[in-house]
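**Student:** Just passing along the structure, written as structure tokens.
Nothing in this text is a laboratory measurement; each read-out follows from the coordinates by a stated rule. Because the structure is a prediction, the values reported are computed rather than measured. Please note: Cβ atoms are built from the backbone with ideal geometry, for glycine as well, and neighbour counts cover all protein chains shown.
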Amino acid sequence: AVEVGQAGPLSGKHILITAGPTHEPIDPVRVIANRSSGKQGFAIAAAAAQAGARVTLVAGPVSLPTPGGVARVDVETAQQMADAVEAALPADVAILVAAVADWRVEAATKKLKKGDGPPELRFAPNPDILATLGTHPDRPSLLIGFAAETNDVVANARSKLSSKKADWIVANDVSGNVMGGSHNRIHLVTSDGVEDWPEAAKEDVARHLIARIAQEFS
Ligand code: CTP
Ligand code: CA
């Protein structure tokens with residue numbers, strides 16, 4: 001069994017992870033969602049706990065069990081995720097795996113009725129949690145974003161690395177069928193260059209990433 005705070009290469013480190021989708025309400029009974037399953041973020045949280053880290057996992061709406069030794073905070077919206085991340089600081093490492101909705105809707109307070117015809121939704125931008133951490137006074141010393149891209153994978157990841165002031169972008173090539181799938185193909189983009197990882201099960205990607213993080217602290 002996995003013990004909280006067990007010995008390991010990351011013992012004494014606090015690792016903050018976001019995972020899953022966000023849900024943005026349209027009215028009291030409807031939301032805008034996305035296809036993130038949360039599997040990759042939860043696998044990273046499990047691997048981090050197994051490496052001895054103290055792990056805070058801020059999770060959007062997913063149906064996954066909490067990994068052993070992980071402190072989980074459930075949220076629904078991007079704004080709630082941003083608030084939960086802020087409340088969990090300071091952290092040595094932040095790994096932002098969540099598929100955060102870029103926009104929220106100005107939600108109706110009462111259920112929209114079909115008879116009133118198709119609604120005109122008004123959108124407002126959500127806070128960018130990764131970019132906020134990039135310039136935060138309590139910035140984690142290792143700040144890692146994810147980027148799911150269908151094209152120009154490495155170029156898009158490089159531009160996110162600099163615009164969000166992250167240390168690493170884990171670029172996930174989603175041109176195949178990986179959203180909700182069991183495998184990922186990763187290009188790790190850092191200021192030093194690009195590491196191309198072979199396609200692997202999400203659990204193996206998680207262990208590889210955690211080993212790579214442990215290397216940074218050794
Ligand atoms: N992210 C975040 N808060 C947001 C949007 C994104 O923290 N409001 C984080 C994601 O968790 C991920 C990284 O930023 O670690 C990149 O997300 P992505 O959606 O690829 O980047 P965007 O800047 O939103 O660009 P786009 O969706 O246009 O590709
Ligand atoms: Ca986005």
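**Student:** Suppose every Lys and Arg Cβ carries +1 and every Asp and Glu Cβ carries -1, with no other charges. What dipole size does the range 105-187 come out with about its Cα centre, to the nearest 20 debye?
**Tutor:** Charge dipole of the range 105-187: 260 debye, to the nearest 20.
**Student:** Further question: Can you find, among Val153, Ala48, Pro65, the residue sitting farthest towards the positive end of the charge dipole of the chain, where Lys and Arg contribute +1 and Asp and Glu -1 at Cβ?
**Tutor:** Value computed over the given set: Pro65.
**Student:** Please name whichever of Val189, Phe217, Pro140 sits farthest to the positive end of the charge dipole of the range 100-218, dipole taken about the Cα centre and charges placed at Cβ: Lys and Arg +1, Asp and Glu -1.
**Tutor:** Pro140
**Student:** When only C-alpha pairs under 8 Å and at least 6 residues apart count, what is the relative contact order of the chain, in percent?
**Tutor:** Taking the mean separation of contacting Cα pairs over the length of the chain, I get 20 percent.
**Student:** What whole-number distance in Å separates the alpha-carbon centres of the range 149-218 and the range 99-129?
**Tutor:** 31 Å
**Student:** Sticking with this one: In Å, what Kirkwood hydrodynamic radius results for the chain from the alpha-carbon pair distances?
**Tutor:** Taking the inverse mean of 1/r over all distinct Cα pairs, the chain comes out at 17.9 Å.
**Student:** Whose amide H sits under 5 Å from the amide H of Ile32, counting only residues 5 or more places off or on another chain, with H placed in the peptide plane?
**Tutor:** Glu24, Ile26
**Student:** For the chain, give the magnitude of the charge dipole about the Cα centre (Cβ charges: +1 Lys/Arg, -1 Asp/Glu; no others), in debye to the nearest 20.
**Tutor:** Dipole of the chain, to the nearest 20 debye: 460 debye.
**Student:** While we're on this one: Place a label point 7 angstrom from the Cα of Asp102 along the Cα-to-Cβ direction, then list the residues of the range 73-88 whose backbone nitrogen is under 18 Å away.
**Tutor:** Those under the cut-off are 78-79.
**Student:** May I pose another question? Once phi is turned into ³J(HN,Hα) by the Karplus curve 6.51 cos²θ - 1.76 cosθ + 1.60 with θ = phi - 60°, what whole-Hz value does each residue of the range 58-75 show in order, with x for glycine and proline?
**Tutor:** For the range 58-75, the Karplus-derived couplings read 8, 10, x, x, 9, 10, 9, x, 6, x, x, x, 10, 8, 10, 10, 8, 9 Hz, x marking Gly and Pro.
**Student:** Charges only on Cβ, +1 for Lys and Arg, -1 for Asp and Glu: so what's the dipole of the range 1-118 about the Cα centre, in debye to the nearest 20?
**Tutor:** 360 debye
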